[in-house]
Structure formats: C-alpha cells, structure tokens
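Asker: Supplied in structure tokens, the structure appears directly below.
Bear in mind that the values in this text are calculations on the coordinates, not laboratory data. Remember, predicted model here, so these are calculated numbers, not experimental data. Cβ placement follows ideal geometry from the backbone for every residue including glycine, while neighbour counts extend to all protein chains displayed.
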Amino acid sequence: MKKILIAICALLVSTAVLAAKPCQENDFKGCTKACQKRKNGPSCLHLAEMYLAGSNGAPQDDVKAYLAMKRGCSAGHAVACGKAGAMAAKGTGTEASIKTAAALYTKGCKKKDDDSCLELALLELKGDGVPTNIARATRRLDQLCNKKVGRACTALGLAYLKGETGSVDLKKAEEAFISGCKYLDATACDLHRENFSGPQPAAAASAPAPATP
C-alpha cells in the first residue's frame, strides 16, 4: 500500500512539473499543445507571438494570436495580459475595445507587469475604459519611474506639464523628463529640450532615437 501511495505521489508531482514547464519558444506544435491542453501561460505567449509573426510553421493569424494571448493571461501570465490588452486597444485580432484593454491591463498590473501598469495609469488619467483616478494614476507612474521605466517618467512629466495631475507643475515635469532621458527614453530628452532651457540631461546623447511608426 505504501509503495502504491509513493507511486501516486510521484505521478502527481511529475504531472505538475510537466504542466508548469513551458514549450520551446520556436516550437509551434509543442506550444500549441502546451497552451491548449495544459493551459501553460508562457507557452500561450510563445504561441501568440508565432501567430502574430507567421513564423515557425504557424500561419499569420491575428485572431488566433489574440485568443492565445488571452488564454495565457487567464493562465496567470502577466506579460500575456499586457500584450492582450495592447491588442484589444488596437483592435488586433479582435474588435477594438478600450474597456476590454483596461480589464486586461488591470489583470497584468495586479501580477506586477510594468507595461500593464503603465498603460493602465494612462487610461486612469483620462478615464478611458476605467473610472478617472488621477491620484492612483500619478502614483503608478511615479512608482514605475522610480523603477527606471523611462516611458513612465515621460508620461509622468507630460501629465505634470499639461496639468493632468490636477495642476501644472513645471518643476516636477522637468524632473520627470530628466529621469526619463536618464533611463534612455528619447522622447523624454526631446520634451526636456523643447520645454526647458539649460543643459540637457547627461543621458541625452546616449538615448536611442524614437521608434518610427
């Protein structure tokens, strides 16, 4: 009896380990199986990215990519939540819906995905898809900026510059742009140069150029 119980426990542990193990990111068949049958979050993310790119034997299919990304989010993968939110916001593979995007960003942010928290904060500033919450949005951006997320510093600076935080605060805007530039967000460097006089932040020369659409 004892041997049987040991064997059952070993089988359960083996099954749990298998379920938690992600597929190889370029293995279309393996990721399909791991995502659909084992609901493995990282595998769903890999599968979605293959569908988006039409790579590694996967057909280019935005709808299947979105479904796989959402499945990854439901399985608890924070990055998949953020990327599914971005797809919902743009209408990639699904009908464009800021409300749906906000819900996915919220899930991703709760699981500590920085990109999700950033996008959620931007929506909260304007009340797009979620109730307006300036204090919480500002706090999120400030926390992300302190974590050296350059885009968050830039967004925070713009919020202070435009008075979206409740009032215009040029000092805090400049500080945020300086931080964003230091953390290599080129847009922050440009905004600092355009809106404030004096020497540019030291990181300006090394910041990458803004991505072109």
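Asker: So if I check each of Cys153, Cys189, which one is farther than 20 Å from Ile134 by Cα and touching a helix residue (DSSP H, G or I) at 6+ places or on another chain (Cβ under 7 Å)?
Answerer: Just a single option satisfies the conditions, and that option is Cys189.
Asker: Moving on. Identify the single condition in (1) surrounded by fewer than 22 Cβ atoms within 10 Å (Cβ to Cβ); (2) within 18 Å of Leu118 (Cβ to Cβ); (3) among the hydrophobic types (A, V, I, L, M, F, W, C) that Val168 does not satisfy, given that it satisfies every other one.
Answerer: The single condition Val168 does not satisfy is (2).
Asker: Still on this structure: So which residues in the stretch 53-69 are of a type outside the set (D, E, K, R), part of a helix (DSSP H, G or I) and touching a residue at least 24 places away in the same chain (Cβ under 8 Å)?
Answerer: Listed by number, the residues that qualify are Val63, Ala65, Tyr66, Leu67, Ala68, Met69.
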